[in-house]
1. Kindly list, by first and then second residue, each pair from a residue in region 164-182 that is farther than 19 Å from Tyr104 by Cβ to a residue that is in a helix (DSSP H, G or I) and of a type in the set (Lys, Arg), limited to pairs with Cβ atoms under 9 Å and residues at least 6 apart or on different chains.
2. Inside region 66-105, can you point out the residues that are assigned to a helix (DSSP H, G or I) and within 30 Å of Ser49 (Cβ to Cβ)?
3. Any idea which of Ser80, Ser70, Ser16 is among the hydroxyl-bearing types (Ser, Thr, Tyr), in the same structural domain as Glu176 (by TED's automatic domain parsing) and under 14 Å from the mean Cα position of the chain (by Cα)?
4. Out of all the residues in region 122-151, which are part of a helix (DSSP H, G or I) and without any contact (Cβ under 8 Å) to a residue 24 or more places away in the chain?
5. Checking the structure you have, find out if any residue of region 24-36 is free of Cβ contacts under 8 Å to residues at least 24 places away in the same chain and closer than 24 Å to Gly119 by Cα.
6. Taking region 201-244 as the region of interest, how many residues are part of a helix (DSSP H, G or I) and free of Cβ contacts under 8 Å to residues at least 40 places away in the same chain?
7. Does Asp47 meet the test of being acidic (Asp, Glu) and either modelled with pLDDT of 95 or more or over 24 Å from Ala153 (Cβ atoms) (or both)?
8. Please find, within region 146-160, the residue that is nearest to Ala107 (Cα to Cα) out of those that are loosely packed, with under 15 Cβ neighbours inside 10 Å and hydrophobic (A, V, I, L, M, F, W, C).
Amino acid sequence: MTATPGFVYSQHDGVSTIRFDREQQHNRIDPADLDELRAVLAGIANDRSTLALVVTGTGARTFSSGYTLSALANGNIDDSFEAFLNELEALPVTTICALNGSVYGGATDLALSCDIRIGVEGSRMFMPAARIGLHYYPDGMRRYVRQLGLMQAKRLLLTGIAIDAAEMLRIGFLTELVAVEQFTARIDFYIDALKACEPGAVRSMKRQLLEIAAGDSAAMSSRTAYEASLRNPALAERIASLKK
């Protein structure tokens, strides 16, 4: 396990975990965190033994408030936060955003960068960009539109309203909404499901799904990965094991 002032990174049994760790500051992400966060992602991307990444926060109040507002106010900003989220979105392993509490600002985009989002009852979300006079960056708006649809993207980005957990589930921001006492078990459920899958097939399908979602016409018709999986001995072995 390694730690910086802003997050804790750990690995266990094929699962990597990033836990934001500024509980008193709503687990915000500071500029100084980004180089190491991106290095963590690069390591995961290059590690074929990693099956999943879980991103979560410390405590029961807030998952994360996103990028620190003081950096925005001081003009101390480049594209590092955007690059971090783009790299998270493109990570070859399955990513689970375990929202242990409410989520605000850029952390809402961080959640949308993940494949599966599990939230807890009693939480809420809002994106205050318009309220503070910030025109949100393009990739963040793209994720809002792609994941939630244009109508909900407009609703949340243009008004800065807060919505509760039930509404987060209804519009597709959350994959699942669970009671607090079920939270850890539900994360484990997805981890166990991933461990039962063939890792190469998971990685190749995620890659093609992202390409299709991005409008890549070649990906929409490509049979390369499909046909490669048919030739993979793992397919026959797994089918044989089902018959036992």
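The values are calculated or read from the model by the stated rules, or taken from the named source; none is laboratory data. Predicted model only: the values in this text are computed from it and were never measured. Neighbour counts are summed over all protein chains in view; Cβ atoms, including those assigned to glycine, are modelled from backbone coordinates with ideal geometry.
1. These pairs meet every condition: Glu176/Arg186; Val178/Arg186.
2. Applying the first criterion (assigned to a helix (DSSP H, G or I)) to region 66-105 yields 69-73, 80-89.
Within region 66-105, Ser80, Phe81, Glu82, Ala83, Phe84, Leu85, Asn86, Glu87, Leu88, Glu89 meet the criteria.
3. Result: Ser16 is the single residue among Ser80, Ser70, Ser16 that is among the hydroxyl-bearing types (Ser, Thr, Tyr), in the same structural domain as Glu176 (by TED's automatic domain parsing) and under 14 Å from the mean Cα position of the chain (by Cα).
4. Pro138, Met141, Arg142, Val145, Leu150, Met151
5. As a first pass, look at region 24-36 and keep what is free of Cβ contacts under 8 Å to residues at least 24 places away in the same chain: 24.
Pick out the ones that are also closer than 24 Å to Gly119 by Cα and you get 24.
Yes: region 24-36 contains one or more residues that are free of Cβ contacts under 8 Å to residues at least 24 places away in the same chain and closer than 24 Å to Gly119 by Cα.
6. Taking region 201-244 first, the residues part of a helix (DSSP H, G or I) are 201-213, 217-221, 224-231, 233-242.
Now drop any that are not free of Cβ contacts under 8 Å to residues at least 40 places away in the same chain, which leaves 201, 204-205, 208-209, 211-212, 217-221, 224-231, 233-237, 239-242.
Residues that pass the stated criteria total 29.
7. yes
8. Leu158
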